[in-house]
Amino acid sequence: MDTAFTRLVGCTVPLQQAGMGGVAGPDLAVAVADAGALGMLGMPTAAPEATAEALESVGRRTAGPVGVNFLMPFVDRDVVAAAAGRCRLVEFFYDEPAPDLVALAHEGGALAAWQVGSVEEARAAAGAGCDLVVAQGVEAGGHVRGQVGLLPLLDAVLEAVDVPVVAAGGIATAREMAAVVAAGAAAARVGTRFVATAEADAHPSYVDALVGAGPEDTVLTTTFSVMWPDAPHRVLRSCVEAAEAIDDDVVGEMEVPGGARLPIPRLSPPCPGRGTTGRTDAMALYAGQSVGAVRRVERAADVVRELAEGAERLLAGRR
Ligand SMILES: Cc1cc2nc3c(=O)[nH]c(=O)nc-3n(C[C@H](O)[C@H](O)[C@H](O)COP(=O)(O)O)c2cc1C
């Protein structure tokens, strides 16, 4: 499937794996890139050296394109500069699109993108020099920028900007991917479904909770706001109930690059990774309304193949 996204990024499948903080490490990004889509790293608090090292090892393991996602509340310009010289796409989420950060990505030789939740923000991202924008509907898992459902947002963003638009939020099946590409998106972005892959760094209890959940089990909330206030996020309702039922200030410990362990304050944003211990059920279990399509742990390449082949068939009018 040839789209403005595949041509710009240099991949064969119009699909971007979401850069998910703490979940999307080198193994997932490499597997997705090898399968023909755009793999993304989500390392929101990594130092410049760790980011450079991760990207160099990724570059040795795959010839496919890989990008890095930055969350604006935690962004460090030195890390952006380290990433920009070593990856295909530098992408930002949250806050007003900033021309200086877009320029920093370009100076290093990377494409620049911004994930947005409104038409105004999409215009600002294009005006800031972004090469593509990601329109995120309110169905999305994780932090959610806007209040509008994906289809009306995508329609309005496509009308408002000239750069390629990636559609995000609630997409996890071939039908959903085909729908957004048919509507004019240059690619689909998938988050939640990739959490339940063999290569993602998600705790098995988190993956089990996703497998057992449907779209009506997710909720948009500001519950996990310690360290990142006033930022709505979509999680499984069960983790909100579990977190509210306990009194302890700390719910567990997480592993950080280098092997150190850090306490996880109750109601804070980290979701449970493989090395996390403690009350994982009471940590932020991010999930989009796409969660109903998560039925088992799969290999990331199989997810990419299923979506790409199914969407291509549907778009060609063959069911
Ligand atoms: C576990 C998880 C972590 C996420 N972390 C980030 C992040 O660090 N940066 C970001 O831009 N978006 C993040 N998101 C949101 C995704 O970029 C994307 O908008 C969302 O996953 C799309 O909806 P879906 O989950 O239904 O596919 C995260 C989503 C999930 C599920």
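Every number here is computed from the coordinates shown, using simple stated rules; none is lab data. Predicted model only: the values in this text are computed from it and were never measured. Here Cβ is always computed from backbone atoms with ideal geometry, including for glycine, and neighbour counts include all displayed protein chains.
Alpha carbons only, please: Rg and Dmax for region 204-290, in angstrom.
Answer for region 204-290, Rg first and Dmax second: 12.4, 38 Å.
Out of Val297, Val166, Val23, any idea which swings most in a Gaussian network model of the chain, alpha carbons joined below 10 Å?
Taking springs between Cα atoms under 10 Å, the residue moving most is Val297.
Please compute, over every Cα-Cα pair in region 270-319, the percentage with a separation greater than 17 angstrom.
59
What is the gain in length, in nm to one decimal, between Asp95 and Glu255 on full extension, counting 0.36 nm per residue of separation less the C-alpha to C-alpha distance?
Details: separation 160, 0.36 × 160 = 57.60 nm, distance 2.79 nm.
Stretched out fully, the Asp95 to Glu255 stretch lengthens by 54.8 nm.
Restricting to DSSP H runs of at least four residues, report the calculated mean residue ellipticity at 222 nm for the chain, -39500 (n - 2.57) per run over all residues, nearest 500 deg cm²/dmol.
-10000 deg cm²/dmol
Which value, in debye to the nearest 20, describes the size of the charge dipole of region 204-290 about its Cα centre when Lys and Arg Cβ atoms bear +1, Asp and Glu Cβ atoms bear -1, and nothing else is charged?
The dipole of region 204-290 has a size of about 260 debye.
First select every other residue whose beta carbon is under 11 angstrom from the beta carbon of Ala301; then total the charges, Lys and Arg +1, Asp and Glu -1. Walk me through the intermediate numbers first.
Working: positive: Arg299, Arg305; negative: Asp34, Glu199, Glu298, Asp302, Glu306.
Net charge in that neighbourhood comes out at -3.
Largest first, please: the extent of the C-alpha atoms of the chain along each principal axis, to the nearest Å.
Extents along the principal axes, in whole Å: 51, 45, 38.
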